[in-house]
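Quick note: the coordinates plus some simple rules give every number you see, no bench work behind them. From a predicted model like this one, the values you see are computed outputs, not experimental measurements. Glycine gets a Cβ as well: all are built from the backbone with ideal geometry, and neighbour counts include every protein chain shown.
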Amino acid sequence: MSDKIHGFIYEKDSDAIVTITMDMDGPVNAMNGQYREAMAVIPGMLEAELESEQGLKGVVLASAKGTFFAGGDLKELSSVPKGAEEGQFRMIEDKIKAPLRRLEKLPVPVVAAINGAALGGGFEICLACNHRIVANHSRAQIGLPEVTLGLLPGGGGVVRSIHLLGLEKALPFLLEGKRMSPQQALDVGFVDALTDMVEKLVPAAKAWIKANPEACVQPWDMKGHKIPGGDVWNPKVVNTLAVAPAVNFRKTRGLLPAPERILAVAADTVTVDFESALRIESRGLAYLITTPQAKNIITSSFFQLNKINSGASRPADAEPSKVSKVGILGAGMMGQGIAFAAARAGIEAVLIDTTDEAAEKGKAYSARLMDKQIKAGRKTEADKSALLGRIKASADYASLQGCDLIVEAVFENVDLKAKVTVEAQQYLSEGGVFATNTSTLPINLLSEVAERPENYIGIHFFSPVEKMPLIEIICGQQTSDSTLAKAFDFARQLRKTPIVVNDSLGFFTSRVFGTFMDEGARLLVEGLDPVLIDALGKQVGMPVGPLAVQDEVSQELTRKVSETHRQLGVFCSLGDNSCNTEVSEKLIAEFGRGGRHHGGGYYEYPEGAPKKIWPKLYELYHKPEVEMPHQDIKDRILFRQVVESLKCLQEGVLRSVADGNVGSLLGIGAPTWTGGFLQVVNTYEYNGKTGPEAFADRCDELAGRYGERFAAPEIVRQKLEAGESFA
Ligand code: NAI
């Protein structure tokens with residue numbers, strides 16, 4: 001007998017085992033309306049089988065898709081309005097949890113046959129099964145990543161994983177949302193067995209059912225069940241729970257409610273009965289679904305990121321392209337990373353520097369990265385020699401012959417860049433693209449020496465290249481659509497996320513990032529304690545405070561960039577970084593303090609000890625009598641960057657809101673739960689208002705107190721008048 005019930009194929013075999021193969025409408029199985037409809041009838045059908053003549057011996061849950069089950073329907077989740085908590089709670093209880101509970105209470109074994117990724121809600125279904133078997137291949141991932149979306153696993157994921165593994169073992173997965181390979185999931189105890197092939201899964205599940213007909217009671221439903229590792233009185237558990245909130249606060253600065261809620265549900269799970277814990281978990285999820293943090297994360301880190309990666313900013317009618325040979329000019333910090341990233345993606349790379357030795361030194365970087373991976377067991381010696389075989393290090397520009405892309409990454413100097421461009425471009429293949437990795441020089445200026453300016457573009461990588469997921473593609477006035485498409489395709493070939501912007505000093509990312517450091521410098525000059533400035537910068541959610549980050553970037557670089565801009569006659573249009581520049585110039589000229597890698601800057605870096613503020617900084621700037629509300633300091637640090645992002649959108653430097661949000665998240669370090677610097681405006685809450693109106697009010701206030709740089713750009717008023725948000 002075979003039947004399809006709301007996307008679930010229901011088959012009973014001659015051994016009275018029912019296999020339910022999920023084959024829902026759409027590309028993946030997801031916890032949406034169709035799932036709820038199916039699960040409203042399937043447990044009842046299985047219960048009825050028990051009474052049938054043939055009876056029921058077991059149930060196998062399988063998938064007809066490439067993945068097992070994708071989890072919650074994010075579109076549905078992100079559209080839940082504020083104040084809908086009670087309705088969400090009831091829905092989770094009645095439509096998600098109750099059917100799973102009925103499934104796991106069947107008096108026959110239920111087995112999950114996991115053929116591919118089982119994440120979030122998908123893995124929660126598996127946790128409600130008596131046995132979990134996974135096909136061991138590279139695309140099969142297991143995990144409960146809800147926390148990374150600002151949510152918690154509310155389909156029983158928190159409660160069941162703690163009852164299965166104990167609090168100590170389960171908590172890191174719940175709080176970090178780490179994805180596991182099948183082998184890791186087996187090692188931890190999240191799954192019970194692996195098969196080497198997808199085809200063997202269902203037979204293995206059926207064989208297990210036949211061999212274990214009695215294995216139908218979940219550990220937590222057994223008499224005398226105790227949570228592994230003990231209950232709340234176990235000193236280890238007490239310690240974990242006692243320390244976890246502090247550890248968590250350090251990471252989230254109290255701005256992300258999801259981990260806090262997960263901890264609270266976890267603490268309840270070890271103190272109350274199983275059913276009550278499930279209800280507490282539902283309350284937690286119902287609350288988190290309605291928070292702006294979850295909406296922001298889902299909007300930007302999921303939908304907008306996907307939109308960008310799937311080519312929303314790529315000219316649609318350009319032919320798809322692939323780079324097979326890339327040339328890189330300059331084997332310094334950036335060039336060596338670009339060579340590695342290209343070779344990793346299977347692209348032949350020619351790495352050029354002034355001498356063969358310098359080029360080889362750049363290539364050695366790839367060897368070191370591969371050695372680290374070999375040590376960690378992720379790569380083999382054969383992988384290393386294959387990758388190194390794809391990188392040719394040389395001082396001879398003629399080796400660039402036939403490159404379909406050349407990326408220039410020499411020192412940040414207009415004349416040098418012009419010289420190497422002229423020398424290298426003759427070797428480009430027909431229709432090849434010439435790109436610069438400049439971080440501060442105008443593309444329109446650098447393209448002046450290009451033989452074919454329509455084939456010239458900016459491809460701005462971030463450091464360290466092998467790790468940073470973002471690439472900022474910058475179009476000059478003459479850059480053609482086909483060049484943009486080729487640069488975009490190259491970025492995707494490297495598996496990076498490309499945002500596309502128009503030329504402007506500092507483009508988008510450096511321009512906005514500059515305002516972050518500049519506002520730090522302004523607060524310093526106004527007399528605030530530097531320790532406070534950096535602490536509050538982190539409380540906004542930035543990974544590092546504005547002064548500490550300036551030291552990392554180096555005062556020296558800031559000075560050099562401003563000197564170049566002055567020479568070019570474009571000084572000060574870079575997001576008005578005048579204060580930052582003045583302070584950097586003073587620190588270098590009078591005290592030789594060029595930043596962390598120049599012997600110290602705002603901070604001192606004693607060997608073997610934590611960095612500390614350079615004492616003289618207090619003498620120079622600190623005015624203990626100056627008082628400023630902490631909220632103002634935090635908002636100044638955040639709003640400077642948001643206002644600058646809005647200006648980039650208004651001026652057409654940013655071509656889309658998605659580019660701005662994703663660029664600020666992946667390239668500037670905007671806190672994930674803001675959803676990026678433009679999304680901040682949509683969900684900002686102030687004086688009982690929400691969105692652009694609240695944001696504009698606060699801008700007015702800050703501008704009145706601290707200067708016009710905080711005034712809301714015209715585009716905010718336009719959105720307000722149109723009743724729109726930055727979607
Ligand atoms: P770097 O100083 O580490 O490397 C520059 C390399 O260019 C050196 O190895 C140098 O020997 C080589 N070089 C100089 N003249 C050359 C010539 N005529 N032919 C071939 N090679 C030559 O500099 P870094 O940090 O790698 O920066 C390179 C470019 O990337 C700059 O335009 C910089 O603005 C940009 N960039 C830097 C980032 C960073 O975090 N360092 C981030 C993004 C962009």
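Below, the figures for the structure above:
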{"item": "Beta bridge orientation in the chain: antiparallel %, DSSP, nearest 5", "result": "30 percent"}
{"item": "Hydrodynamic radius by Kirkwood, which averages 1/r over all alpha carbon pairs of segment 2-80, in angstrom", "result": "13.4 Å"}
{"item": "Ascending count of other beta-carbon atoms within 10 Å, so fewest first, for Leu568, Leu167", "result": "Leu568, Leu167"}
{"item": "Cα Rg, Dmax (largest Cα-Cα span) when computed across segment 282-400, Å", "result": "20.6, 66"}
{"item": "Between helix 630-650 and the chain: long-axis angle, C-alpha atoms, 0 to 90°, nearest 10", "result": "80 degrees"}
{"item": "Degrees, to the nearest 10: 530-539 long Cα axis against longest axis of the chain", "result": "40 degrees"}
{"item": "Theoretical gain in end-to-end length, Lys169 to Ser429 [0.36 nm per residue, Cα-Cα removed]", "result": "88.1 nm"}
{"item": "Simple label model, 7 Å out from Cα along Cβ direction - Met333 to Asp23, nm", "result": "5.5 nm"}
{"item": "R0 of 41 Å, Cβ-Cβ distance Ser725-Ser578: FRET efficiency to nearest 0.05", "result": "0.80"}
{"item": "In nm, spacing of pseudo-spin labels at Phe249 and Ala382 (7 Å Cα→C-beta vector)", "result": "5.3 nm"}
{"item": "Alpha-carbon centroid distance for the pair segment 684-727 / segment 30-108, whole angstrom", "result": "44 Å"}
{"item": "Debye log10 I(q)/I(0) for segment 401-529, one point scatterer per Cα, at q = 0.23 Å⁻¹", "result": "-1.42"}
{"item": "Contour minus Cα-Cα distance for Lys375 and Ile5 (0.36 nm per residue)", "result": "128.2 nm"}
{"item": "Loop-resident sites, segment 17-121, for GluC sites (Glu not before Pro), counting at most 10 other Cβ within 10 Å (DSSP)", "result": "Glu53"}
{"item": "Kirkwood Rh and Cα Rg combined as Rg/Rh, segment 112-191", "result": "0.92"}
{"item": "Per-selection Kirkwood Rh - segment 325-501 (Cα, Å, 1 d.p.)", "result": "15.9 Å"}
{"item": "Table column - 3J(HN,Hα) (Hz), segment 422-429, Karplus curve with 6.51, -1.76, 1.60, x for Gly and Pro", "result": "4, 5, 8, 5, 5, 8, 4, 6"}
{"item": "Efficiency of FRET from Cβ geometry, Thr355 and Gln567, R₀ 22 Å, rounded to 0.05", "result": "0.15"}
{"item": "Three semi-axes of the equivalent ellipsoid, the chain, Cα gyration tensor, whole Å, largest first", "result": "49, 32, 24"}
{"item": "Flagged links, alpha-carbon separation over 30 Å, of Lys392/Lys611; Lys206/Lys496; Lys363/Lys486; Lys251/Lys496; Lys105/Lys169; Lys82/Lys251", "result": "Lys392/Lys611; Lys206/Lys496"}
{"item": "Rounded tilt (10° steps) of 481-493 against the dominant C-alpha axis of the chain", "result": "50 degrees"}
{"item": "Simple spin-label estimate for Arg139 and Asn309 in nanometres, 7 Å along Cα-Cβ", "result": "1.4 nm"}
{"item": "Stretch gain in nm, segment Gln184-Val422, where the contour uses 0.36 nm per residue and the Cα spacing is subtracted", "result": "80.5 nm"}
{"item": "Share, in percent, of DSSP beta bridges within segment 2-290 that are antiparallel, nearest 5", "result": "35 percent"}
{"item": "Pairwise Cα inverse-distance average, inverted: Kirkwood Rh of segment 544-686 (Å)", "result": "17.2 Å"}
{"item": "For segment 607-726, the spread of Cα positions along each principal axis, largest first, Å", "result": "52, 33, 26"}
{"item": "Values of log10 I(q)/I(0), in the order q = 0.09, 0.10 Å⁻¹, for segment 2-290 under a Debye, Cα-only, solvent-free model", "result": "-0.40, -0.50"}
